[in-house]
Amino acid sequence: METFVLTLYVLVWPLIVAGTLFGICKGFFKDWREARQEGRTLI
């Protein structure tokens, strides 16, 4: 049972990290696109 739990953890955490990274990138590119349309800098 312990081996199964560790295997599941090793296989699932990259999906969690990838989902978080996707959310951050999606927000960044949305803000970047809006800033370009409004003619202002992102920072």
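Any read-out appearing in this document is the output of simple, stated calculations on the displayed coordinates, not a laboratory observation. In this text the structure is predicted, and so the values were computed from the model without any measurement. Don't worry about glycine lacking a Cβ; one is built from the backbone with ideal geometry, like all the others, and counts go over all protein chains shown.
Return a yes/no flag: does the stretch 3-13 have any residue that is β-branched (Val, Ile, Thr) and surrounded by 10 or more Cβ atoms within 10 Å (Cβ to Cβ).
Yes; the residues of the stretch 3-13 include at least one that is β-branched (Val, Ile, Thr) and surrounded by 10 or more Cβ atoms within 10 Å (Cβ to Cβ).
Only one of these is exposed (fewer than 10 other Cβ atoms within 10 Å of the Cβ) and of a type in the set (Gly, Ala, Ser): Gly39, Gly27. Name it.
Testing whether each residue is exposed (fewer than 10 other Cβ atoms within 10 Å of the Cβ) and of a type in the set (Gly, Ala, Ser) leaves just Gly39.
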